[in-house]
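Trainee: After the structure tokens below, expect a handful of questions from me.
The values are calculated or read from the model by the stated rules, or taken from the named source; none is laboratory data. Keep in mind that what you see is a predicted model, and the values were worked out from it rather than measured. All Cβ positions, even for glycine, are placed from backbone atoms using ideal geometry, and neighbour counts span all protein chains on display. The protein model used for the area step is the full one, side chains on, heavy atoms only, and it has no ligands, DNA or RNA in it. Shrake-Rupley method; radii C 1.70, N 1.55, O 1.52, S 1.80 Å.
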Amino acid sequence: MIATMLVPLDGSPFAEAALPSAQWFASRTDARLHLFHAHQPVPVLVGVTEALASAPSPDLGAIRRERSYLDDTAKRLGLVGGVAVQTDFGDGPAGAEIVEEVARIGADLIVMATHGRGALGRLWLGSVADHVVRHAGVPILLIRPQAPNTPGEDPDIRSIVVPLDLSAVSRTILDPVVELARLAKARVTLLYVVEQFFQTMEPGVPYPIPQDPGIAELQRANAKRMLEEAASVLREQGIEVSTRVVIATSAAAGVLDTLEKPGYDLVALATHGAGGIRRLLLGSVAEQVIKGASKRVLVVRPQDELQH
């Protein structure tokens, strides 16, 4: 059950793109909503022959402005789910501070934008989101901000696509998906991607590399059986679920192509799994999906896979 949510902000409208989805969750769960900002000290540049006698003094003016921004944002949101929005403040590297704050408040869910620009025009939430995914150990809902002056994303979630492979680890996403589907009364599609390799015979004209029909059929049959086993567990919990096997040049391409079809609002996946040969998905499939998805991504990294 989601009882406490954390929304990291950096002061930019891009980072605030996470707020509508966070409000949506809080209004349906009565969860406490915490807004968090990590102050980033401005580095002091010195000459190659100089040394700092002591650490630079904190920029008290910047800290006051950042705290004021958090308080003003909380007041603007008002009561969310009948509960006042809380604000929390850190001082240090954003990724590490967010992970520490998650543990401190016992957050069950992080809702954050994948990109944002804070003070000095620096990119704040690209590498930060990557760090949080690797270390937080709780589900993370990643929001890709819309371009300026375009309508915001509808926070309602009606349909969820869930990529699975043949590993048990990939199924660790299913518990968060069940909770989300119940909250949203959303449909779930379990997806398996059969990778079909292509070669280019002429410039710009790909041709599929011939594959043993027996092997291909066995792969599809195994995938369908695995998906139906997982689907039956979800159906027993009252979730409307269907299964789908698609063929694509890569797992990430198959997931992204499916997600972009009309009717899907969110993709949910674990960051570590296997298919045939064990592979680290965060460095390949999950990372490509996170970077390439134009819609929301719910991602979880199993506790035994966390990087310390």
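Trainee: VAL233: accessible area at probe 1.4 Å, nearest 10 Å²?
Mentor: 70
Trainee: With every protein chain left in place, what is the accessible area per residue of the range 159-198 in square angstrom, probe 1.4 Å?
Mentor: Result: 37 Å² per residue.
Trainee: I would also like to ask the following. Using a cut-off of 14 Å between beta-carbons, work out the net charge of the residues near ALA223 (Lys and Arg +1, Asp and Glu -1, ALA223 not included).
Mentor: Around ALA223, the charge tally is 0.
Trainee: Quick one: ranking GLU101, GLU260 by accessible area, 1.4 Å probe, largest first, what do you get?
Mentor: GLU260, GLU101
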